[in-house]
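Engineer: Could you have a look at this structure, given as structure tokens, before my questions?
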Amino acid sequence: MRKVKNFQLLIMKPSLAFSLIILTVAAAASAKPSYPPELPDAREEVYKTIGDTKLKLWIFEPEGHKKSDKRPAVVFFFGGGWRAGTPGQFEMQCKYLATRGMVAITADYRVSTRNGTKATACVEDGKSAVRWIRKNARKLGVDPTKVAAGGGSAGGHVAVAIATVPGFEKDDETSSAPNALLLFNPAVILAEVPGEFEVPAEKMASRRERIGTDPKKISPYHHVRKGLPPTIIFHGTNDDAVPFRTVQLYEKHAQSEGNSCKLVAFEGKPHGFFNWGRFDNAPFRKTMLASDQFLAEQGWIHGKSTIEKFIKGQLK
């Protein structure tokens, strides 16, 4: 009987049926990745164990990759306000960069809703992930001098904090400093910048609680110095979660210290604009094209971008 009713819907109300189909497709395209992530094209490794918690990362390798290779690598950290999120967020970025010859990784880290932790633990775990990659570079077929960090929102904060913020690591025998940064609407200013960026007192109190320490201690802007890795930042001008003004200030400050830092603005775009499936994948395409150019400038990848072929292949 249900099949008959659906058939009648298609015959008698085609416009309604078409609308329902479009809504279903749109919902599927914008559906959030699951946790734990289901990433069949990647292999899992545990990079850190804290008590009963095993933190994993998912590794996407180029076709024909061998342990004897010395490929550039990138590790991504998901967004979620240090509260939630899933490594599945950066699946498509990893898949694409693997086709460009990189070992692309998306990492888990502790968050408050699952682990009862603060933002300080997120930074600690991010540093641990980079150290693990560098320590295992030979097994992974990775060049330890070419390890990039990337991420979105709180994950973008984790990535840039790894490069800027001192401390928050228990093992400093192996460097956790990334060699390049790919940042997607990252939180780069967590405390007031006198004369430039104010934070209301009540918001600072709330932020201190979420962070677990004085916000300035893990605020990337407040730790900018000479010698930071080359950085590219993608940010929407209509971001109501992480103000566009903050990344403008960060870019200016980083450049004033002699660092290579480029902000790519997306006019009118909101927070999370870059995620796969949003805005017909136009921002995904543009961010990956710019990433191609950025990584080519570092000498990490070669040849023309294959993003159009990749997107077509994923949408089949």
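The values are calculated or read from the model by the stated rules, or taken from the named source; none is laboratory data. Source: prediction; values computed, not measured. In this analysis, Cβ positions are derived from the backbone assuming ideal geometry, glycine residues included, and neighbour counts consider all displayed protein chains.
Engineer: Can you pull out every residue in the range 229-248 that is assigned to a loop (DSSP other than H, G, I, E, B) and under 13 Å from Asn185 (Cβ atoms)?
Structural biologist: Across the range 229-248, the qualifying residues are Thr237, Asn238, Asp239, Asp240, Ala241, Val242, Pro243.
For (1) buried (at least 19 other Cβ atoms within 10 Å of the Cβ); (2) more than 30 Å from Glu63 (Cα to Cα); (3) hydrophobic (A, V, I, L, M, F, W, C), each residue gets a yes or a no:
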position	(1), (2), (3)
Ile105	yes, no, yes
Tyr109	yes, no, no
Asp125	yes, no, no
Ser128	yes, no, no
Trp132	yes, no, yes
Val147	yes, no, yes
Gly150	yes, no, no
Ala161	yes, yes, yes
Asp172	no, yes, no
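Engineer: Next question. Quick check on the range 85-103: of everything there that is under 17 Å from the mean Cα position of the chain (by Cα) and part of a loop (DSSP other than H, G, I, E, B), which residue is nearest to Gly303 (Cα to Cα)?
Structural biologist: Met102
Engineer: Using the structure shown, decide if Thr99 is touching a residue at least 24 places away in the same chain (Cβ under 8 Å) and closer than 28 Å to Lys170 by Cβ.
Structural biologist: no
Engineer: So for the range 249-260 (the condition being in a loop (DSSP other than H, G, I, E, B), modelled with pLDDT under 95 and not small (Gly, Ala, Ser)), does at least one residue qualify?
Structural biologist: Checked the range 249-260: no residue is in a loop (DSSP other than H, G, I, E, B), modelled with pLDDT under 95 and not small (Gly, Ala, Ser).
Engineer: Just checking, which of His302, His253, His235 is of a type outside the set (Val, Ile, Thr), touching a residue at least 24 places away in the same chain (Cβ under 8 Å) and touching a Gly at 6+ places or on another chain (Cβ under 8 Å)?
Structural biologist: Step by step, each of His302, His253, His235 is checked, and only His302 is of a type outside the set (Val, Ile, Thr), touching a residue at least 24 places away in the same chain (Cβ under 8 Å) and touching a Gly at 6+ places or on another chain (Cβ under 8 Å).
Engineer: Taking interchain pairs and intrachain pairs at least six residues apart, which have beta carbon atoms under 7 angstrom, with the first residue in the range 59-78 and in a strand (DSSP E or B) and the second acidic (Asp, Glu)?
Structural biologist: That search, which allows pairs on different chains as well, returns Ile59/Glu45; Phe60/Asp41; Arg71/Asp143; Pro72/Asp143.
Engineer: Now for a different question. Taking the criterion of being in contact with a Gly (Cβ under 9 Å, 6 or more places away or on another chain), in contact (Cβ under 8 Å) with a residue 12 or more places away in the chain and either under 20 Å from Asn259 (Cβ atoms) or buried (at least 21 other Cβ atoms within 10 Å of the Cβ) (or both), would at least one residue in the range 205-213 satisfy it?
Structural biologist: Within the range 205-213, not a single residue is in contact with a Gly (Cβ under 9 Å, 6 or more places away or on another chain), in contact (Cβ under 8 Å) with a residue 12 or more places away in the chain and either under 20 Å from Asn259 (Cβ atoms) or buried (at least 21 other Cβ atoms within 10 Å of the Cβ) (or both).
Engineer: Then there is this: Of the residues that sit in the range 55-82 and are within 15 Å of Asn115 (Cβ to Cβ) and in contact with a Lys or Arg (Cβ under 8 Å, 6 or more places away or on another chain), which one is surrounded by the most Cβ atoms within 10 Å (Cβ to Cβ)?
Structural biologist: The extreme case among them is Trp82.
Engineer: Specify which of the listed residues (Thr113, Thr106, Thr120, Thr145) is of a type outside the set (A, V, I, L, M, F, W, C), modelled with pLDDT of 95 or more, in a strand (DSSP E or B) and farther than 18 Å from Phe310 by Cβ.
Structural biologist: So the residue among Thr113, Thr106, Thr120, Thr145 that is of a type outside the set (A, V, I, L, M, F, W, C), modelled with pLDDT of 95 or more, in a strand (DSSP E or B) and farther than 18 Å from Phe310 by Cβ is Thr145.
Engineer: Applying the selection to the range 180-204, what residues are without any contact (Cβ under 8 Å) to a residue 40 or more places away in the chain, of a type in the set (D, E, K, R) and either surrounded by fewer than 16 Cβ atoms within 10 Å (Cβ to Cβ) or in contact with a helix residue (DSSP H, G or I) (Cβ under 7 Å, 6 or more places away or on another chain) (or both)?
Structural biologist: Matches in the range 180-204: Glu198, Glu202, Lys203.
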